[in-house]
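The values are calculated or read from the model by the stated rules, or taken from the named source; none is laboratory data. This structure is a prediction, so every number in the text was calculated from the model and none was measured. Methodologically, a virtual Cβ is constructed for each residue, glycine included, from the backbone with ideal geometry; neighbour enumeration extends over all protein chains shown.
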Amino acid sequence: MSLELWFTEEQTKNLRISCRVKEVLYHGRSKYQEIVVVDTYEYGRLMALDGAIQITEKDEFTYHEMMAHVPLHAHPFPRRVLVIGGGDGGTVREVVKHQDIGSIELVDIDEDVIRVSKEFFPTVSVGFSDKRVTVKVEDGVKYVSTKKDYYDIVIVDSTDPVDIAKVLFEVPFYRSIYEALREDGIFVAQTESPFCELDILREAYGNIKRVFESVWIYWGVMPTYPSGMWTYTIGSKKYDVSVPRRACSVETRYYNSDVHKAAFVLPPFVREWVGME
Ligand code: SAM
């Protein structure tokens, strides 16, 4: 008889993903959520919050590169960047690759996510040591509401819209972000899978459209998230963000100028399901 240990996420009521586990590295409860870190055979180390996979060593780059480099290459001269959520540090790692950026703030509500990522995911949390980065442990909704006309880019790297993250998908939060952005600012948020969380995507897209002048959905591959097809919704005050304004200037494994352009080409079924004209 051989004993096997598996990590299983229930992605929907009728769909699960399982990864065979080599070792359990961390299991604890923060003030806000259950945090698990396991080493898996297929995807390397994996962090889950309340049972939902947030990052794995093998595929996190696809998500973090698309979160960071699409808005950063769509803006002609980004100087100040705010990341809300993203306590693992993956998005910040990508942002710090842009040498012209002067300041990067990360606001995550849960200090334990930041601590656990620093301990178990050094290649993901590496950007936290960049001297332009300031980390704040606060509710992103409250934090952004105190800022006006300040940021060039705001990135919302949140958990799914339940409990503490629910407000991160609602109109008042998007309005605060709009006000916190400068006159040509750009905002992007992860907006889930069209296959598994269509209602969330539809609602986020509709809510962002109520606030921003121009809104697009773009997509990428993210194997360990539900269905593997992942969307990002981006709101812009001024620029057409569907085309990069500059050639890719940083080292990447997923993002480049062609991927940027291709990501905005939505398959007809997505346009239809989301109800786009
Ligand atoms: N890429 C991930 C995904 O889509 O599965 C998200 C990663 S990141 C770990 C999500 C972070 O959002 C968590 O660390 C969580 O603590 C943070 N978060 C949730 N609600 C928040 C809020 N209201 N303010 C700030 N951070 C929040």
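Scanning segment 65-83 for residues that are more than 17 Å from Arg132 (Cβ to Cβ) and within 11 Å of the ligand (Cβ to nearest atom) returns Met66, Met67.
Listed here are the helices (runs of 4 or more DSSP H) enclosed by segment 113-184 that have at least 3 residues being at pLDDT 95 or above and within 12 Å of the ligand (Cβ to nearest atom): 140-145. As a summary of the residue check, Leu168 satisfies the conditions (1) over 15 Å from the mean Cα position of the chain (by Cα); (2) among the aliphatic types (A, V, I, L, M); (3) more than 23 Å from Val265 (Cα to Cα) except for the one numbered (1). The test for being modelled with pLDDT of 95 or more, within 14 Å of the ligand (Cβ to nearest atom) and more than 24 Å from Ile217 (Cβ to Cβ) holds for Tyr32. Only one of the numbered conditions (1) in contact with a Pro (Cβ under 8 Å, 6 or more places away or on another chain); (2) under 17 Å from Val265 (Cα atoms) is violated by Trp216, and that is (1). Whether a residue is away from the ligand (no atom under 15 Å from the Cβ) and in a strand (DSSP E or B) was assessed, and Val241 does not pass this test. If the condition is being farther than 17 Å from Gly228 by Cα and not in a loop (DSSP other than H, G, I, E, B), then segment 200-210 contributes Arg202, Glu203, Ala204, Tyr205, Gly206, Asn207, Ile208, Lys209.
Look at (1) assigned by TED's automatic domain parsing to the domain that holds Val21; (2) farther than 27 Å from Ser227 by Cα and you find that Ala52 fails only one, number (2).
With the condition kept exactly as written, say whether any residue in segment 95-106 is under 30 Å from Arg16 (Cβ atoms) and within 12 Å of the ligand (Cβ to nearest atom). The answer is no, given that none of the residues of segment 95-106 is under 30 Å from Arg16 (Cβ atoms) and within 12 Å of the ligand (Cβ to nearest atom).
Could you count how many residues in segment 211-228 are in a strand (DSSP E or B) and more than 14 Å from the chain's Cα centre (by Cα)? So that I can check it myself, show each step before the final result.
Filtering segment 211-228 down to residues in a strand (DSSP E or B) leaves 214-221.
Filter once more, so that each one left must be more than 14 Å from the chain's Cα centre (by Cα): 214-216.
Selection size over segment 211-228: 3.
Could you tell me whether any residue of segment 252-273 is of a type in the set (Gly, Ala, Ser), within 26 Å of Asp100 (Cα to Cα) and assigned to a strand (DSSP E or B)? Within segment 252-273, not a single residue is of a type in the set (Gly, Ala, Ser), within 26 Å of Asp100 (Cα to Cα) and assigned to a strand (DSSP E or B).
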